[in-house]
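Heads up, the thing below is written out as structure tokens.
Just so it is clear, none of the values below were taken in a lab; they were calculated from the coordinates. If you're wondering where the values come from, they're calculated on a predicted model, not measured in any experiment. Don't worry about glycine lacking a Cβ; one is built from the backbone with ideal geometry, like all the others, and counts go over all protein chains shown.
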Amino acid sequence: MEIVKSLFYFILAGIFEIGGGYLVWLWLREGKGILYGIAGAVILILYGVVPALQPGSASFGRVYATYGGIFIVLSILWGWQVDKVLPDKIDLIGGAIALVGVGIIMYYPRA
């Protein structure tokens, strides 16, 4: 159950970071209103909080290294679903490698 909870926090953090960054992108690059930028900034603050909810035994470096792999996969999915950029075989291979790294870094049993 602890791994499920941990994965939930990683996915939530990823959605906040990518979603918040996307709103700032829309504001600055696409000419959307300032409220997009403000909403994006608030969501990015939430992104900064969520990783701290990981289990107490996890160190900052390990959590953020693992999050990097999750972020890679979520970014590919975001591009596919939001920007309508279909991931190719190389994207999928890279994402799979990142997930293997996530499993090793965060969840491999240690002595």
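Ranking 28, 40, 11 by Cα position along the charge dipole of the chain, where only Lys, Arg, Asp and Glu carry charges on their C-beta atoms, puts 11 farthest toward the positive end.
Just how far, in whole angstrom, is segment 63-111 from segment 1-48 if you go by their alpha carbon centroids? If you average the Cα positions of each part, the centres end up 17 Å apart. Computing FRET efficiency as 1/(1 + (r/R0)^6) for residue 110 and residue 8, where r is the C-beta to C-beta distance and R0 is 30 Å, gives about 0.85.
Less than 5 angstrom separates the built amide H of residue 32 from those of 27, all sequence-distant by 5 or more or on a different chain.
Ordered by the number of other Cβ atoms lying within 10 Å of each residue's own Cβ, fewest first, 15, 45 fall into the sequence 45, 15. Placing R0 at 22 angstrom, the Cβ-Cβ distance between residue 100 and residue 77 gives a FRET efficiency of 0.80 after rounding to 0.05. Across segment 87-96, computed HN-Hα scalar couplings (Karplus, 6.51 cos²θ - 1.76 cosθ + 1.60, θ = phi - 60°) run x, 9, 4, 5, 4, 5, 5, x, x, 5 Hz from first to last residue, x flagging Gly and Pro. As a rough guide to protection, the peptides 49-59, 21-31, 69-79 ranked by mean Cβ packing within 10 Å, highest first, stand as 69-79, 21-31, 49-59.
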